Amino acid sequence: MVATISKIATGNGHGENSPYFDGWKAYEANPFHPTDRPDGVIQMGLAENQLCFNFIKKWLMHHPEASLCSAEGVDRFKETALFQDYNGLPEFRQAVAKFMGKVRGDRVKFDPDRVVMSGGATGAHEMVAFCLADPGEAFLVPTPYYPGFDRDLRWRTGVELVPVVCESSNNFKITRNALEAAYEKATEANLRVKGVLITNPSNPLGTILDRDTLRSVVKFINEKNIHLIGDEIYAATVFMEPEFVSISEIIEEVECNRDLIHIVYSLSKDMGFPGFRVGIVYSYNDAVVSCARKMSSFGLVSSQTQHLIASMLSDDDFVDSFIVESKDQLFKRHKYFTWNLSLVGIGSLKSNAGLFIWMDLRKLLKEKTFEAEMDLWRVIINEVKLNVSPGSSFHCNEPGWFRVCFANMDDHTMEIALLRIRTFMLKHNEAMVPGKLCRRSSLKLSFSRRRVDDFMSPSIMSPHSPIPQSPLVRART
């Protein structure tokens, strides 16, 4: 008899069948490299902050003691390498709490004893979902939202997510009516709603929630007596006005049950350290803090990483300078990138935060359907050779929006990506000239659907798999 494995392990709960992950597979099958693979797919689906590594490198060069694997830091190697309980190093929790305050302009203070560590924001979100809801219960999540939430909150916990539908007509603002409609829909489906999850700043919109919206959300969850999870992992990426407002500030201004308030934080986006897997749960609920700390043993941050982070974030001069430098670099990259897109007639949602833009390609759709959005996405992947993420993978209710990341590449790669976009748009504009309308259909639909589907085949997952070179890509050389 063949041994079987669990239904959770073999099910589709991971959400890997999303076009969001399909785009990653297409990139992994043919990744761009300036010399080895100049015609490869450029990764614009990864929200990663690579713009300040030279600044961080300078600090590391001047503080070798922060590394345990150096002559200056080796004296602390033994005590750090030995067993550490799941509370984490005290200096690590103190440094993270202080950094969280600085990122929020020191308008609010955070208690180190409420800082619970986890293996990245992914682990932190699962931890909070586990603490707050039983299998079959639900969280309301405003759309569009990060595709990974379907995995992070649902896969192993059995929790359900109910979309709060937000519209482009009001810049995807979260309204009380939208919250009530989602709550009623969940109730009609016999789902017990346990909370609301908001992302502020928003992934994928790159916008922040204003004070009035945050107050409205807090009032809603307080009246319903349900929890509020504030994902604030992009807090330090706000690069121009209006300034970021944390849920921790709002609860100082309005009356609410603080036991219902929880924050997920991370250093993956704000510092650009996704490989360090530093995730944080900060809850105002003592029972959640206690449970989450027990759960953290399943995803601890290594003591070596804690030591380095504590050393770095305890340097006030570095932190203050880093926050300013990061915002400056993000502002310049965002301005340059969106300006270049505007030159070829591509717009985006007005944004002031994040590592991406919410690109508007609605006018390029052959019809206003999600099928047409996927057709266009396949052209961008196969012909333009850019991995951008379609709005449908973020549960956007309107076709034609795409998330495009701009901070995860060097200047040279960005210029190549922009050149490919310009070439693509030139082809499109030529196709729109009277007498050449027949070419428009060719542009949108002359690709083979099989090629993207092939990326999903285990037999073609090697980074060295050959993919036919696009004529659009050849046109740029």
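The values are calculated or read from the model by the stated rules, or taken from the named source; none is laboratory data. Keep in mind it's a predicted model, so treat the numbers as computed, not measured. Cβ placement follows ideal geometry from the backbone for every residue including glycine, while neighbour counts extend to all protein chains displayed. Surface accessibility is based on the protein's heavy atoms, side chains included, excluding ligands, DNA and RNA. Shrake-Rupley method; radii C 1.70, N 1.55, O 1.52, S 1.80 Å.
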Discussion item. Looking only at the stretch 211-252, how many residues end up being in a helix (DSSP H, G or I) and farther than 22 Å from Pro112 by Cα?
Written reply: 15
Discussion item. Anything in the stretch 384-413 that is in a strand (DSSP E or B) and touching a residue at least 60 places away in the same chain (Cβ under 8 Å)? List them, or say none.
Written reply: Leu386, Asn387, Ser389, Pro390, Trp401, Arg403, Val404, Cys405
Item to complete: Out of Ser393, Ser351, Ser389, report the one residue that is under 19 Å from Thr207 (Cα atoms), in contact with a Leu (Cβ under 9 Å, 6 or more places away or on another chain) and of a type in the set (Ser, Thr, Tyr).
Response: Ser351
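How many residues, within the stretch 338-360, are outside any strand (DSSP E or B) and either under 18 Å from Leu419 (Cβ atoms) or of a type outside the set (A, V, I, L, M, F, W, C) (or both)?
Matching residues across the stretch 338-360 total 13.
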Worksheet item: If you take the residues in the stretch 191-206 that are touching a residue at least 60 places away in the same chain (Cβ under 8 Å) and farther than 17 Å from Tyr265 by Cα, which one is surrounded by the most Cβ atoms within 10 Å (Cβ to Cβ)?
Response: Leu205
Discussion item. Condition (residue is more than 21 Å from Phe424 (Cα to Cα) and either surrounded by 14 or more Cβ atoms within 10 Å (Cβ to Cβ) or polar (S, T, N, Q) (or both)) applied to the stretch 335-346: is it met by at least one residue?
Written reply: no
Worksheet item: Looking only at the stretch 146-190, which residues are touching a His at 6+ places or on another chain (Cβ under 6 Å), open to solvent by 50 Å² or more (accessible area, probe 1.4 Å) and assigned to a helix (DSSP H, G or I)?
Response: none
Practice prompt. Report, by residue number, each residue of the stretch 332-372 that is over 18 Å from Thr413 (Cα atoms) and aromatic (Phe, Trp, Tyr).
Written response: Trp358, Phe370
Worksheet item: Restricting to helices (runs of 4 or more DSSP H) lying wholly in the stretch 1-108: which have 1 or more residues that are modelled with pLDDT of 80 or more and either in contact with a His (Cβ under 7 Å, 6 or more places away or on another chain) or surrounded by 16 or more Cβ atoms within 10 Å (Cβ to Cβ) (or both)?
Response: 19-29, 53-62, 90-103
Worksheet item: In this structure, is Arg114 in contact (Cβ under 8 Å) with a residue 60 or more places away in the chain, farther than 20 Å from Glu184 by Cα, touching a helix residue (DSSP H, G or I) at 6+ places or on another chain (Cβ under 6 Å) and surrounded by fewer than 24 Cβ atoms within 10 Å (Cβ to Cβ)?
Response: yes
Worksheet item: Of everything in the stretch 354-407 that's under 27 Å from Arg333 (Cβ atoms) and among the basic types (Lys, Arg), which residue is surrounded by the most Cβ atoms within 10 Å (Cβ to Cβ)?
Response: Arg403
Discussion item. Exactly one condition in (1) surrounded by fewer than 21 Cβ atoms within 10 Å (Cβ to Cβ); (2) in a helix (DSSP H, G or I) is false for Gln306; which is it?
Written reply: (1)
Response to the item:
Flagged in the stretch 344-362 as of a type in the set (D, E, K, R) and at pLDDT below 95, in numbering order, are none
Worksheet item: When Cys291 is evaluated against the numbered criteria (1) over 21 Å from Phe318 (Cβ atoms); (2) out of contact with any Cys (no Cβ under 7 Å at 6 or more places or on another chain), which criterion, by number, is the only one it fails?
Response: (2)
Discussion item. Name the single residue that is surrounded by the fewest Cβ atoms within 10 Å (Cβ to Cβ) among those in the stretch 207-251 being polar (S, T, N, Q) and more than 17 Å from the chain's Cα centre (by Cα).
Written reply: Asn225
Item to complete: Specify the residue that is farthest from the chain's Cα centre (by Cα); the eligible residues are those in the stretch 124-145 that are crowded, with 24+ Cβ neighbours inside 10 Å and of a type outside the set (A, V, I, L, M).
Response: Phe139
Worksheet, complete the sentence: Val278 passes all but one of the listed conditions (1) touching a Phe, Trp or Tyr at 6+ places or on another chain (Cβ under 7 Å); (2) under 12 Å from Gly119 (Cα atoms); (3) open to solvent by less than 10 Å² (accessible area, probe 1.4 Å); (4) not aromatic (Phe, Trp, Tyr); the exception is number (1)
